[in-house]
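The values are calculated or read from the model by the stated rules, or taken from the named source; none is laboratory data. It should be emphasised that the depicted structure is a prediction, and the values quoted were computed from it without experimental measurement. As a convention, Cβ positions derive from the backbone with ideal geometry for all residues, glycine included, and neighbour counts pool all protein chains shown. SASA here: full protein model, heavy atoms, side chains in, ligands and nucleic acids out. Shrake-Rupley method; radii C 1.70, N 1.55, O 1.52, S 1.80 Å.
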Amino acid sequence: MKLSDFIEKCERVSNFTNEVDIHNLISDLKKINESQKVTVPKSVGDWIFKSQFVDRRSIRSALETASIRIYAKNSDEVIAWLKDISNQETFAIAWANDYTVEKEPKYTVKIKATKQYLSNDEIGPHFDPSFRSNFTKSDLEKLGLGWVFDCEGMEVDKVGK
């Protein structure tokens, strides 16, 4: 729903009554808000949040490569993403309106030779023939297993988001 549609709807309603159903108005406002959200990578969402609410930066400062390099956690990812001009517009929309963060894809990891899956439970990370866990890339990196993506003996399959 566009804001202009919402305004037109309110004008039509005002011709018939002075009473307003606040619940419908709130619902419509939520739809407008959701339609204005853009999706950004997690590193960019983290940078926007830190810039706006922690450091209280201006958007100009948040877009400067020097500021990003010094203060952003994953500065190389943020800088690379912002090199695309359309992403700069997305950044500005996210800054002004709101945004959602892309969900990281999840993977299963299997040893090709033994067909055992990587699992992570109360025992910790281990390989098991009957039980498998789904991991994001950052989960695997935190476990010190980021290498599985580059290993020929491992099978890494995307299972969703």
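Please work out the average accessible area per residue across the chain, using the 1.4 Å probe convention, and give it in Å². List each step's numbers first, then the result.
On the way: 11050 Å² over 161 residues.
In whole numbers, the chain has 69 Å² accessible per residue.
What percent do you get for the relative contact order of the chain when only Cα pairs under 8 Å and 6+ apart count?
Working: 174 pairs, mean separation 32.0, N = 161.
Here the relative contact order equals 20 percent.
No solvent, one uniform scatterer per C-alpha: report log10 I(q)/I(0) for region 1-113 via the Debye equation at q = 0.14, 0.19 1/Å, two decimals.
Log10 of I(q)/I(0), two decimals: -0.71, -0.94.
Ignoring any ligand, DNA or RNA, what whole percent of the accessible area of region 1-156 comes from carbon and sulfur when the probe is 1.4 angstrom? Please report the intermediate quantities before stating the final value.
Values: 5450 of 10570 Å².
Carbon-and-sulfur percentage of accessible area, whole number: 52.
If I fit a long axis through the Cα atoms of helix 3-14 and take the longest principal axis of the Cα atoms of the chain, what angle between them do I get, 0 to 90°, rounded to 10?
40
Label Ser27 and Arg60 with points 7 Å out from Cα along Cα→Cβ: what is the distance between them in nm?
4.4
Let me check against my output: what whole-number percent is the relative contact order of region 87-161, with C-alpha pairs under 8 Å and at least 6 apart? Don't jump to the answer; show the numbers that get you there.
Working: 97 pairs, mean separation 27.0, N = 75.
Here the relative contact order equals 36 percent.
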